[in-house]
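Worksheet: one structure, shown below.
The values are calculated or read from the model by the stated rules, or taken from the named source; none is laboratory data. Predicted model only: the values in this text are computed from it and were never measured. With ideal geometry, Cβ positions are generated from the backbone for all residues, glycine too; neighbour counts draw on all protein chains shown.
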Amino acid sequence: MIVEMKRGASQEQIDGVVERAHSFGFDVQLNLGTEKVVVAVLGSDTGKVHTDVFAVLPGVQSVTRVMKPYKLASREFHPRPSKVNVSGVEIGGQRIVVMAGPCAVESEQQLIETAVAVQECGGLILRGGAFKPRTSPFSFQGLGKDALEMLSKVKSEFGLPVITEIVDVHDIELMIEYADIIQVGARNMQNFSLLKELSKLKHPVLLKRGLSATVTEWLTAADYLMAGGNRRVILCERGIRTYEDSVRFSMDISSIAVVKNVSHLPIIVDPSHAAGNALYVPSLAKAAIAAGADGLLIEVHPDPAQALVDGLQSLNIPAFKKLMAELKPIAEAVGRSM
Ligand code: PEP
Ligand code: MN
């Protein structure tokens, strides 16, 4: 942490900063410039102390962190890219992993029709929400355990691993039984008690970016998932809230490049929730792969007009097939396969 003193700060004020640093067990290095003094506060765990403890002291101009607030998710901690193996499907490897399926599981028939299409065109993981985090309590909340049973049945029929969202910490036991990847939705990215419990598992967890979270906040939330020992974390960019209202969320393509630079964790992209409209999903999906994403999470429904949730943004099966074919040369152009 760098504490910059005001021009003309007194020796007493500088000593105050040094004493505060020592009180936390940190070392200091003083840089006595001609115009102002800069105090470097050194220690492996300066991240635990808020910058305000120095900012409030008299004579202090500014306080800047040098270390990132996240550690376990950072490349400094783990220089090589992590791969997460989900029942034989490697996420973060050379192959692009497409996870696809309905927003919510509605019936066995719906799930089977989707699974056939997903498998036929090279999708590797089946998605389907059993518990839906809805903005209104009066909206369809998902079929719960019945949906998990359907996912499990279809999984054993097709051999596709499944991803489904957890919305309540009390459902962890249930999730372990049924989900190959536990999805933490955007609205729960900072549900720290949930993240802490999931960090005790060995189960793969997909962490979506919060609606208005910075990349740093997202990676720091990933640290929560890893702090208890779980190393099987996958990030998912799903668009953020901006002033733009022609799409549901603005898909932040730059986060893919940033995450790849600062973190070792695999990152996949959900173009469906970003676009909010099936018309735009293919463009966003292609852009994500071109930008270096490790995979996609796409909403597909056999009859989007009848979907109970997110029909407008769900691809029908022909549109999904077309997109999968179009993605292949893009993946190859960036040295990946599908
Ligand atoms: C979902 O994937 O169905 C979902 C609710 O997504 P998000 O958490 O990104 O809104
Ligand atoms: Mn959805």
Within region 279-293, identify whether any single residue is polar (S, T, N, Q) and within 15 Å of ligand 1 (Cβ to nearest atom), and answer yes or no.
no
In region 261-305, what residues are over 21 Å from the mean Cα position of the chain (by Cα), within 15 Å of ligand 2 (Cβ to nearest atom) and either in a helix (DSSP H, G or I) or not assigned by TED's automatic domain parsing to the domain that holds LEU207 (or both)?
PRO304
Boolean, GLU120 is under 23 Å from ALA319 (Cβ atoms) and either touching a helix residue (DSSP H, G or I) at 6+ places or on another chain (Cβ under 7 Å) or within 16 Å of ligand 2 (Cβ to nearest atom) (or both):
no
Just checking, how many residues over region 302-319 are within 16 Å of ligand 1 (Cβ to nearest atom) and of a type outside the set (S, T, N, Q)?
8
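Hey, among the residues in region 190-209 that are in contact with a Phe, Trp or Tyr (Cβ under 8 Å, 6 or more places away or on another chain) and buried (at least 22 other Cβ atoms within 10 Å of the Cβ), which one's nearest to GLU108 (Cα to Cα)?
Start the filter on region 190-209 by keeping residues that are in contact with a Phe, Trp or Tyr (Cβ under 8 Å, 6 or more places away or on another chain), which leaves 192, 195-196, 199, 207, 209.
Okay, now just the ones that are also buried (at least 22 other Cβ atoms within 10 Å of the Cβ), so 195, 207, 209.
On the way: LEU195: 30, LEU207: 27, ARG209: 30 Å.
The qualifying residue nearest to GLU108 (Cα to Cα) is LEU207.
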When region 258-276 is examined, which residues are found to be surrounded by 14 or more Cβ atoms within 10 Å (Cβ to Cβ) and more than 13 Å from ligand 1 (Cβ to nearest atom)?
VAL258, VAL259, LYS260, VAL262, SER263, HIS264, LEU265, PRO266, ILE267
Quick check on region 84-105. Is at least one of its residues free of Cβ contacts under 8 Å to residues at least 60 places away in the same chain and within 16 Å of ligand 1 (Cβ to nearest atom)?
yes
Which number in (1) surrounded by fewer than 16 Cβ atoms within 10 Å (Cβ to Cβ); (2) within 16 Å of ligand 2 (Cβ to nearest atom); (3) more than 14 Å from the chain's Cα centre (by Cα) marks the one condition that ARG187 misses?
(3)
Which ones in region 66-78 are assigned to a loop (DSSP other than H, G, I, E, B), within 24 Å of ILE182 (Cβ to Cβ) and touching a strand residue (DSSP E or B) at 6+ places or on another chain (Cβ under 7 Å)?
ALA73
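Looking at the structure I just gave you, is LEU219 crowded, with 24+ Cβ neighbours inside 10 Å, away from ligand 1 (no atom under 16 Å from the Cβ) and not in a loop (DSSP other than H, G, I, E, B)? Before the answer, list the steps.
Values: crowded, with 24+ Cβ neighbours inside 10 Å: yes; away from ligand 1 (no atom under 16 Å from the Cβ): yes; not in a loop (DSSP other than H, G, I, E, B): yes.
Yes; evaluated as a whole, the condition is true for this residue.
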For residues that are assigned to a loop (DSSP other than H, G, I, E, B) and under 19 Å from PHE158 (Cβ atoms), scanning just region 87-102, find the one that is farthest from ligand 2 (Cβ to nearest atom).
GLY88
Tell me, which residue of region 111-133 that is of a type in the set (D, E, K, R) and part of a helix (DSSP H, G or I) is surrounded by the most Cβ atoms within 10 Å (Cβ to Cβ)?
GLU113
In the set PRO58, PRO81, the lone residue that is touching a residue at least 12 places away in the same chain (Cβ under 8 Å), in a loop (DSSP other than H, G, I, E, B) and loosely packed, with under 13 Cβ neighbours inside 10 Å is PRO58
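From SER250, SER254, which residue is assigned by TED's automatic domain parsing to the domain that holds LYS196, within 16 Å of ligand 1 (Cβ to nearest atom) and surrounded by fewer than 17 Cβ atoms within 10 Å (Cβ to Cβ)? Break it down stepwise before answering.
Numbers: SER254 fails: within 16 Å of ligand 1 (Cβ to nearest atom).
Answer to the selection: SER250.
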Among the listed residues ILE256, ILE176, ILE234, ILE172, which satisfies the condition of being touching a Pro at 6+ places or on another chain (Cβ under 6 Å) and away from ligand 2 (no atom under 16 Å from the Cβ)?
ILE234
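Right, SER136: assigned by TED's automatic domain parsing to the domain that holds LEU315, free of Cβ contacts under 8 Å to residues at least 24 places away in the same chain and either outside any loop (DSSP other than H, G, I, E, B) or within 16 Å of ligand 2 (Cβ to nearest atom) (or both) or not? Talk me through it step by step, then tell me what you get.
On the way: assigned by TED's automatic domain parsing to the domain that holds LEU315: yes; free of Cβ contacts under 8 Å to residues at least 24 places away in the same chain: yes; either outside any loop (DSSP other than H, G, I, E, B) or within 16 Å of ligand 2 (Cβ to nearest atom) (or both): yes.
In short, yes.
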